[in-house]
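I have placed the structure first, in the form of structure tokens, so that the comments after it can refer back to it.
The values are calculated or read from the model by the stated rules, or taken from the named source; none is laboratory data. These numbers come from a predicted model, not from an experiment. Heads up, the Cβs are rebuilt from the backbone with ideal geometry, glycines too, and the neighbour counts pull from every protein chain shown. Areas reflect the complete protein model, heavy atoms only, side chains present, ligands, DNA and RNA absent. Shrake-Rupley method; radii C 1.70, N 1.55, O 1.52, S 1.80 Å.
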Amino acid sequence: MEWYFSAFWMYMQIYIELGWACPLSSPRIFRRENSPVKLTLATSVNPQGLVNYQVFKDGRNLMTIAIYNGEVMDQDECVLADCTFTGNAANGDFSITLSNVQRASAGTYKLMAVITNDEKACTTLYVLGSPNQPTVSSTKIPSVGENVIVTCRSSSTTTPPNHGLSLSYEWTINGQTNPASARYTYSTSRHQLTISNVQKTDSTTVLQCSATEVVTNGYTSPESLGFTFNVLYGPDRPLLNVASPLTVWEGEVVQSFECTSDCWPGCNQKWMNAANVTIQHNGTLALGTGTRDETGLYVCVSENNATEYKKRNETSLMLIVEYAPDVVISQSTTIWTENNPLNIRCKATGVPAVYNYTGFVQLVGDVVISNSHAESPGVRDTISVNIPSLQLQDTGIYTCNVHNGIIGVNKQLIQTASKRITVRASPKFFVKETNFAGEPSRNIIVTIPFVSVPEYTTYTVIRKGGKPVSTNGKYTLQIKKDFVNALFYGKQVTLTGNVLKMIITDLSEEEFGIYNIQITNSIDTSNFSIHVTAASMDLFLTYL
């Protein structure tokens, strides 16, 4: 019989066809490595004649069993080291048991009838493996308020790979497993996570995932690496390193203005003036020393530099440069003629526009004149000297003093302006006494100080009876420039004027009497009378 079995074996080797996938209805067994498994291969045994049965794994013959008229005639040992025949071939049970499943154990196990090449039974053993460590990715870089889908991807290592098993996923978000949130939506298998209404803080969220094979005793993969996604955001309203409005003094060193924004991936800043003209192409604006023309509105514009996310915001800085007032004196007319009205007005312009006028004074030399027409000092918009009818005593330098609390670039608090007013008036006489006493047969000198603005043109001295006095042997008339003491609003001042000197020699009764003095300038003629009288010896006499 031995030759018979050998012949059949050779025949089987020639005609067997190696197509090893099991029918879909065949059993599928899933096992982890290092575990035992019984592979059941069963069929009905033909009780008549000789039939050789072989157990194959992926086309490799593991063992052969010969049955003749329903009885086992010959049975090989299973060629696999951990393989044991645990069936009862006579009853049609050709099961084998693997005591220590390894990845190499995975495959298709078939029971084949030799010669007819009939597949009597088929079982696939799948050896489970841990899914590959997942990777996490997102569909896009979202901006604040958008939705983003984050996907966890893994693959099975179970072999053979035609098992058709699916994977389920778990998410760990900031240390919490599958946290519930109104903004989180998980797909059925959880391989996708939709985050709605993305927030700026989501960029710090750490996402990890793991995959588990959906099968009894299926493995879970290692957790993915931590994944974070960027969020396009900003700018919010830019921040400044100074408060607005910012007040500085004229001439003060002004710190640089810094404008910053919180953005991703970054922002570009620029400064613009109130006319929307760019004056600085970065976030630092340096003005140096404050000048009054720098007062105004400055706008910092911040723009996100992501090409797909053009968002901008801005903030404003109001800079106020405070400065001591400029002082200007104006007058209602330039015709400063006697008896005409004149308003002299002092106006300050500065920041802040609160002006404390400490005085609007008239000066003649070093003498301060209390001009009765000047308004009272104090806090006011302007101050004036309002003269209804000009007189010579209104001549002088008018000085306006004012401050607004700011030290000027001249290092002074009080700012001033001055205006010289010279009143054109008829000649004015400044004689203390009109009586001049002389002793007969002696000489007498009569001095008449006067001021004429404009300069006098003619003068005449007329004695009693309308007789003009001229220089002769009896009279001598002289006019010379000299300083003249005058009273302006009750204050004694010294003016540049003239003194008319009349000398009478060998005074006699005929020279006693009233003398009328007339002095003329382009404004008018002024008259002044003196009285020359006889004097007793005990009175003060002026002698030549």
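Descriptive notes on the structure:
- Computed magnitude of the charge dipole of the stretch 381-477 (debye, nearest 20; Cβ of K, R +1, Cβ of D, E -1): 400 debye
- Amide hydrogen proximity for T159: with H placed 1.01 Å from N in the peptide plane, the residues at 5 or more positions away or on another chain lying under 5 Å are V127, G129.
- Farthest toward the positive end of the dipole of the stretch 407-544, out of I414, V461, L477, is the Cα of I414, where the dipole comes from beta carbon charges about the Cα centre.
- Dipole-positive endmost among A89, S154, P36 within the chain (Cβ charges, Cα centre): S154
- Solvent-accessible area, 1.4 Å probe, carbon plus sulfur percent, for the chain: 51 percent
- Cα-based shape type of the stretch 364-446, given that a ≥ b ≥ c are square roots of the gyration tensor eigenvalues and the cut on a/c is 1.5: prolate
- For the chain, the relative contact order works out to 8 percent when only alpha carbon pairs closer than 8 Å and six or more residues apart are counted.
- Positive-end extreme of charge dipole, the chain - chosen from Q331, L390, V368 (charges on Cβ): L390
- Cα centroid of the stretch 169-192 to Cα centroid of the stretch 508-535, whole Å: 122 Å
- Entry note, the stretch 443-544: relative contact order of 36 percent, from Cα contacts under 8 Å with a spacing of 6+ residues.
- Summed over qualifying helices (DSSP H, 4 residues or more, each -39500 (n - 2.57)) and divided by its residue number, the chain shows a 222 nm mean residue ellipticity of -1000 deg cm²/dmol.
- Sparse packing (at most 16 other Cβ atoms within 10 Å of the Cβ) combined with a DSSP loop state is found for the following trypsin sites (Lys or Arg not before Pro) in the stretch 93-175: K140.
- Checking every one of the trypsin sites (Lys or Arg not before Pro) in the stretch 320-405 against DSSP loop status and a limit of 11 other Cβ atoms within 10 Å picks out no site at all.
- Listed by chain and number, the aspartates and glutamates placed with their C-alpha closer than 17 angstrom to that of K464 are E509, E510, E511; residues fewer than eight positions away on the same chain are left out.
- Peptides ranked, highest mean first, by Cβ atoms within 10 Å: ranges 442-450, 251-259, 288-296: 442-450, 251-259, 288-296
- Distance violations [Cα-Cα > 24 Å] among K419/K480; K432/K501; K347/K411; K140/K200; K347/K491; K428/K474: K419/K480; K347/K491; K428/K474
- The stretch 359-376 and the stretch 433-448 have Cα centres lying 38 Å from one another.
- Crossing angle, helix 2-15 versus the chain [Cα axis fit, 0-90 degrees, rounded to tens]: 40 degrees
- Fully extending the segment from H373 to N91, taken as 0.36 nm per residue of separation minus the present Cα-Cα distance, adds 87.1 nm.
- Peptides 175-184, 495-504 ordered by average Cβ neighbours within 10 Å, highest first: 495-504, 175-184
- Candidate values (i) 26.5, 87; (ii) 62.7, 203; (iii) 28.0, 119, label of the one derived for Rg and Dmax of the Cα atoms in Å: (ii)
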